[in-house]
Structure formats: C-alpha cells, structure tokens
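One structure is given below, encoded as structure tokens.
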Amino acid sequence: MNRTGSDLSTLGHRIRHFRTQRGLTLDELGERVGLAGSQLSLIENGKREPKLSTLQSIAAALDVELTDLLAAEPPNPRAALEIELRQAQQRPLYTELGLPAVKPNKGMTDEALLALVGLHRELQRKATEAIATPEEARRANTELREWMRERDNYLPEIEDLAETRIRAAGHVRGAVTHRTVSIMAEQLGFSLIYVNDLPHSARSVTDLANGRIYLPPASIPGGHGLRSMALQAMAHRLLDHAQPTSYAAFLRQRLEINYFAACCLMPQEAAVGFLSQAKRDRNLAVEDFRDAFGVTHEAAALRFTNLATHHLDMPLHFLRVSEDGSLAKGYENDGLPLPADVTGGIEGQLVCRKWSARSAFERTNRTTELYQYTDTPVGTYWCATQTGTTSAGEFSISVGVPFNQAKWFRGRETTNRAASSCPDPSCCRRPPSELAERWLGNAWPSARLHAHVLSPLPSGTFPGVDDSEVYDFLERHSGS
Ligand SMILES: [Zn+2]
C-alpha cells in the first residue's frame, strides 16, 4: 500500500478509536484477528504497516467498513492534535533544537497537548515568515515589475475574465456598483458579509466551506475600497490561486487580484472607449477618468498604465511619491530614469526634487493637477501630478508621457518647466558646496523610520534623510 508516516499514524489512531469505543483491550482485539497485542500496538502507534488482509480482519472484528479505517481524517480532535504533535516533532525545525520528543500518551492532558501543538504552530509560522528576507522581497518585487514592463503593464487574460464576469452580473455601462459586485459574488456561490472584527493583518477573509467573504464595514459609504476588496477576494477563486509557496508567488497573486479588481471597476471596453474619446478631443486627464468611474486618483492612474500603451499607443510612467520624496510605487515604459538601488529596486529611493512628483508638494493650491514639462538627460517629459493626504502623511500621484505625447492631454499648454540632470548628484542630491561647508558638523537631523521593509534607508550624509532638504530647511529657519 506504500503509505506515508502521517497516513500510518492516522490509520493507527482510527483503529484505536474504534477499539476503545467498543471497550476492547489490545490483547482482546489481537486475539480476534490473530495478532499479539504488542504487534497491534505497533500498528496503532503508526510504527508498522498492516497487511490488507489484517486490516480487513480488524475492520470485521470492530464491525466497521474498511473505508472507515482508511479515511484520511483523524477520528477525533484529540487524535488530530496527537498526530500534529508527532509530525511537528519529526520536522528538522524541531529536531535541530536537540530537544526531546514528547509522546502524547493517555496521561497527557488536553491542555498540555494543546499548548505544545500551539508552540509548534508558532515556531512553524515564525520560520515561514522569516523566509522572505528584505533582500529577497526586493528582488522578487523588481523581477515582477520588469515582467510587467515587458507586457506594457497589460494582462489580456485577466481583462477578458473580468469583462465576462461583470457582463454576466448584468453590468452595462459606467461605474460598477456595489450591487453588481454582490451579484458577481452570488454567481460564484459567495455572500458578502461586513464585520467589525476582522483580524488586524487581514484585508478580507474568505470562508470557502460556507461560501462567505468577510469584509470590514464601509468607512466611506460609496467609496471604491470595499468593492475592490470584495473583487480581490473573489479573484483568488476565479484565478485558481493556491496557497503561495514563495514570496514571488505571493507578490504575483497580489498583483493579479489587484489587476482583476481594477478591470472590474474600470472595465476594458468602457474605459478604452472613454479614454479614446478623450484622446481624440485632446483632453486626456486622469482626474476625468477617475470621476467617470468613481475610483481613487491612484486607482485611475494605475488603470491608465494598463491600457495606455496597448490601446492608445502611448508609453508612459506612473509614480507614487511620499512627502519625504521617496518612491512608494513606480512604473515606466517610456524610458524615464527612475532612481534605483544596485539590485534594481526602486521602492524607497528618492526621486529628483525637480520632478513634479515632488515640486507639487510645494504648491499652495493643490485641488487641481499640477502640469509640468521636465527636461531630463534622456529627453523631455510632460507630467500631471495630484497630491493627497493619508494618516501616514502626504503623497503625490503622477502620470507622465514623453514630450511628443503631451499633445493628447489637458494641461499640455502649461508654462511650468524644470530641468533635471538626475542621477547626476549635482542635480539635487549634492547641496551647493557653500551650504554644505557652512552646515557640515552643525546639522544633525534624525531620520524618520520607514514603514516598509521594502524601503531601505536612502544613502547620503545623514542616513534616511535627504541632505539637501536638511540644508534648505536649516537655511530657511536659521535666518541667515
Ligand atoms: Zn534631481
């Protein structure tokens, strides 16, 4: 039968379960099936594999079906814990600690057993968590971004899947409503349930057994966040995702579910129709796209990057920059030189201070987009930047294109112009030498802790802090 160790111990537990249920001792059952009690004990402890004929005799003697003995489930919760403890103690993670293996015999209380199993589970969880080092995470992230760049940020299979599902749910035009999302869920056999007590680390929890998707309550009624989360939860099922086995697989799944949700909220056909018309009118604007589909500025900007190259024949870039000037997210297939570390990672890197992604923070009127032409060593780009605020601080969202594509956009007539020579350090990284001389030895900024493991400390005179900003700040406030 060639059974594995865990099968054998489940089988042993099932035999013991039925034997004790019938009030038989090892010797009594042994006698009925022609085995010594000690041999039967080895079978019950999963240490010996019984012949099929022996199993048939045991089943007959216990008055159960052979399939009852061979079922894969532990016979009761206690047995499940005992099996789990045995298996956990055999894993290298435990054996290499050099600690003794404890035998979960009758004398061990349920509490003691539960405590031991709980510790093993935690040990396993911690070890799994530690597998993705920040370096591995950054590398996987960079590879995925490059993979998407080769595809112009466009995944046609997911586009088609989303279009099919929302049509089936009755969506015709415009923004996708909560109602449509609920119908989609129903068609997949799920109901959406809003609860106040989700685990802190989970955005949603799906109960596959009972067909429920648990979501947090709406903080902003009508906001697109909830629709997006429900769609992401459904996407795992629609895209046949299994438990990810690596950080790269985890990131890929997250990208796919986000992509699916974006396709549902801004369906390809409707979105391309809207954007193509705006292009013909030479009136393209992310803010209009955002308002037409009832999503956030960032969601609309990201969705624009999916569709612009494939459908509008337009290379472009997208940046989300935090108020400290560091890149939180970025994408480009138009050659814009994004700042990167030696591994090619861009997250946490400081973008040029001359770019609109950063100069937008200095504006007083931020209700509309900031338009700007920026000369760079690889050509001139036109960008539109919108700023926003979260509890974590301010951020800016930029979408930009090479100069020759600016003609399709509202704001192309702007007179804002900047020159950037980054990554040349003299552009904006290295402070003017007289400032550096004056302040060297007298400035001591303390870096803010980056929230993200993907953000290493940007390098410079002061770890984690943009030194020219420090100098500017000191100049402004020291009154010299
Ligand atoms: Zn610069």
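Only one of THR142, THR164 is part of a helix (DSSP H, G or I), among the polar types (S, T, N, Q), modelled with pLDDT of 85 or more and open to solvent by 50 Å² or more (accessible area, probe 1.4 Å). Can you tell me which?
Result: THR164 is the single residue among THR142, THR164 that is part of a helix (DSSP H, G or I), among the polar types (S, T, N, Q), modelled with pLDDT of 85 or more and open to solvent by 50 Å² or more (accessible area, probe 1.4 Å).
Return the pairs, sorted by first residue and then second, in which the second residue is in a loop (DSSP other than H, G, I, E, B) and more than 8 Å from the ligand (Cβ to nearest atom), the first residue lies in the range 418-429 and is among the aromatic types (Phe, Trp, Tyr), the beta carbons are less than 6 Å apart, and the residues are 6+ apart or on different chains.
none
Within the range 411-421, is there a residue that is within 16 Å of the ligand (Cβ to nearest atom), open to solvent by 60 Å² or more (accessible area, probe 1.4 Å) and hydroxyl-bearing (Ser, Thr, Tyr)?
No.
Please state which one of LEU42, LEU99, LEU8, LEU114 is within 30 Å of ARG125 (Cβ to Cβ), assigned to a helix (DSSP H, G or I) and at pLDDT 85 or above.
LEU114
Consider PHE289 against the criteria (1) in contact (Cβ under 8 Å) with a residue 60 or more places away in the chain; (2) open to solvent by less than 30 Å² (accessible area, probe 1.4 Å): it satisfies all of them except one. Which criterion is unmet?
If we test PHE289 against (1) in contact (Cβ under 8 Å) with a residue 60 or more places away in the chain; (2) open to solvent by less than 30 Å² (accessible area, probe 1.4 Å), just (1) comes out false.
Give the range 333-347 a look and list any residue that's away from the ligand (no atom under 16 Å from the Cβ) and within 21 Å of ALA137 (Cβ to Cβ), or say none.
Scanning the range 333-347 gives ASP341, VAL342, THR343, GLY344, GLY345, GLU347.
Please specify each residue of the range 146-155 satisfying the condition of being open to solvent by 50 Å² or more (accessible area, probe 1.4 Å) and touching a residue at least 12 places away in the same chain (Cβ under 8 Å).
GLU146, ARG149, ASP152, listed by residue number.
Quick check, is LEU350 on the phi < 0 side of the Ramachandran plot, open to solvent by 10 Å² or more (accessible area, probe 1.4 Å) and either free of Cβ contacts under 8 Å to residues at least 40 places away in the same chain or within 15 Å of the ligand (Cβ to nearest atom) (or both)?
Spelling it out, LEU350 is indeed on the phi < 0 side of the Ramachandran plot, open to solvent by 10 Å² or more (accessible area, probe 1.4 Å) and either free of Cβ contacts under 8 Å to residues at least 40 places away in the same chain or within 15 Å of the ligand (Cβ to nearest atom) (or both).
What are the residues in the range 362-372 that are surrounded by fewer than 22 Cβ atoms within 10 Å (Cβ to Cβ) and within 15 Å of the ligand (Cβ to nearest atom), if any?
Selection gives GLU362 alone.
The values are calculated or read from the model by the stated rules, or taken from the named source; none is laboratory data. This is a predicted model, so every value here is computed, not measured. Please note: Cβ atoms are built from the backbone with ideal geometry, for glycine as well, and neighbour counts cover all protein chains shown. Heavy atoms of the whole protein, side chains included, go into the accessibility calculation; ligands, DNA and RNA do not. Shrake-Rupley method; radii C 1.70, N 1.55, O 1.52, S 1.80 Å.
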